[in-house]
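The structure under discussion appears below in the form of structure tokens.
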């Protein structure tokens, strides 16, 4: 399945497109909570939550004190900008 261009805001993607994009980024969908995804990289891991009007990203144990770091990204951002912001890590 072809995704819209990377410069397209995420709100112009269908839900299957967003899910496909997350899978391509190495995210795994939570089978019990389908709007929650998890991604693990060598230096960090995060939960990505598809909220009503934004993507909520919670980087696990990423703070200086070992606490989670949460960032919120509006769907109005392009997929390219979201990719760079989310998957470059905390």
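Please give the FRET efficiency for residue 44 paired with residue 20, using the beta carbon to beta carbon distance and R0 = 22 Å, rounded to the nearest 0.05. Here the calculated transfer efficiency is 0.45.
How big is the gap, in Å, between the Cα center of segment 54-85 and the Cα center of segment 1-46? Measuring centre to centre over Cα atoms gives 13 Å.
Each label point was placed 7 Å from the Cα along the Cα-to-Cβ direction; for residue 85 and residue 72 their separation is 1.2 nm. Of the options [x] 53; [y] 57; [z] 63, only one is percent of Cα pairs over 15 Å apart as computed from these coordinates, and that is [y].
Computed on the chain, with alpha-carbon pairs under 8 angstrom and 6+ residues apart, the relative contact order is 25 percent. Between helix 15-24 and the chain there is an angle of about 50 degrees, using the helix long axis and the longest principal axis of the Cα atoms. With a simple spin-label model that places each label point 7 Å from the Cα along the Cα-to-Cβ direction, the separation between residue 5 and residue 28 comes to 3.6 nm. Packing-based ranking of 80-86, 11-17 yields 80-86, 11-17, ordered from highest to lowest mean Cβ neighbour count within 10 Å.
Read-outs: derived from the displayed coordinates by stated rules, not from any lab. Being a predicted model, the structure only gives us computed values, none of them experimental. Positions of Cβ are generated from backbone atoms using ideal geometry, with glycine treated the same way; all protein chains shown enter the neighbour counts.
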